[in-house]
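Peer 1: Here it is, the structure in full.
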Amino acid sequence: MSRPDLSRVPEPFHKYINQAKHDDVLKAIDKNGKDFLKLMKSIPKNKYVYAYGEGKWTLKEVFQHIIDAERVFAYRAVCIARGEQQSLPGFDENDYAAHSKANARDWDDMIEEFKHVRKSTSWLFRSFDNEQLDANGISNQTPVYVLAFGFIIPGHCQHHMKIIKERYL
């Protein structure tokens with residue numbers, strides 16, 4: 001299956017889908033995960049709780065946000081693939097970050113958690129057949145389909161990698 005049909009995806013997600021570097025969903029997920037881990041392992045300790053401005057997230061909060069968002073997007077994908085007809089809830093990333101307690105977390109634990117979450121996402125998308133990848137659902141009161149989440153996940157991560165490199169390092 002090729003890249004998602006953007007006409008079937010809410011406009012705010014187009015920027016993430018467009019940042020996914022591969023046309024194959026599994027390659028996009030796997031390659032981005034490796035690139036992200038390489039970046040996060042290179043971060044010096046003195047940057048972990050750095051924020052580039054007043055009211056901006058610390059690097060640990062950004063890291064936790066990426067993990068949290070991936071879980072939410074993967075949950076939405078599995079629900080829709082399994083035929084869920086109810087609208088799946090949205091989430092407020094700022095509320096999640098405010099309640100994450102990320103700054104108290106161990107960086108190496110976050111690295112390990114991301115590895116496992118991404119591996120789980122990879123296995124999830126490997127399990128979907130073409131019919132499941134093409135399944136439609138509703139998320140946050142907006143139509144979307146499963147394949148889109150397979151590109152939103154690495155594209156969202158890629159988006160934050162760019163911000164990390166530009167504003168945190």
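Peer 1: Going toward the positive end of the dipole of the chain, with +1 on Lys and Arg Cβ and -1 on Asp and Glu Cβ, which of SER127, LEU37, HIS160 do you reach last?
Peer 2: Sorting the options by dipole projection puts first LEU37.
Peer 1: Further question: On C-alpha positions alone, give me the angle between the axis of helix 25-41 and the longest principal axis of the chain, in degrees, nearest 10.
Peer 2: 10 degrees
Peer 1: Magnitude of the Cβ-charge dipole of the chain, K/R +1 and D/E -1, about the Cα centre, nearest 20 debye?
Peer 2: 660 debye
Peer 1: Take the alpha-carbon centre of the stretch 1-67, take the same for the stretch 98-161, and report the distance between them in whole Å.
Peer 2: After rounding, the separation between the Cα centres reads 10 Å.
Peer 1: Over the stretch 1-127, with every protein chain in place, what whole percent of the accessible area is carbon and sulfur at 1.4 Å, could you tell me? The partial results should precede the final answer.
Peer 2: Working: 3580 of 7180 Å².
Summing carbon and sulfur atoms, their accessible area is 50 percent of the total for the stretch 1-127.
Peer 1: Taking the dipole about the Cα centre of the stretch 48-169, with the C-beta of Lys and Arg at +1 and of Asp and Glu at -1, give me whichever of LEU147, PHE114, PHE73 is farthest to the positive side.
Peer 2: About the Cα centre, the residue reaching furthest to the positive side is PHE114.
Peer 1: To the nearest 500 deg cm²/dmol, what mean residue ellipticity at 222 nm is calculated for the chain from DSSP H runs of n ≥ 4 alone, each contributing -39,500 (n - 2.57), summed and divided by the residues?
Peer 2: About -18000 deg cm²/dmol.
Peer 1: Something else now. Show me 5-12, 18-25 ranked by packing, highest mean number of other Cβ atoms within 10 Å first.
Peer 2: Values: 5-12: 12.1, 18-25: 17.4.
So the peptides 5-12, 18-25, ranked by packing, come out 18-25, 5-12.
Peer 1: Between 0 and 90 degrees, rounded to the nearest ten: what's the tilt of helix 107-127 against the longest Cα principal axis of the chain?
Peer 2: 10 degrees
The values are calculated or read from the model by the stated rules, or taken from the named source; none is laboratory data. The shown structure was predicted, so the numbers you read here are calculated from the model rather than taken from an experiment. No Cβ is skipped: glycine too gets one built from the backbone with ideal geometry, and neighbour counts run over all protein chains shown. We work out accessible area using only protein heavy atoms, side chains counted, and drop any ligands, DNA or RNA first. Shrake-Rupley method; radii C 1.70, N 1.55, O 1.52, S 1.80 Å.
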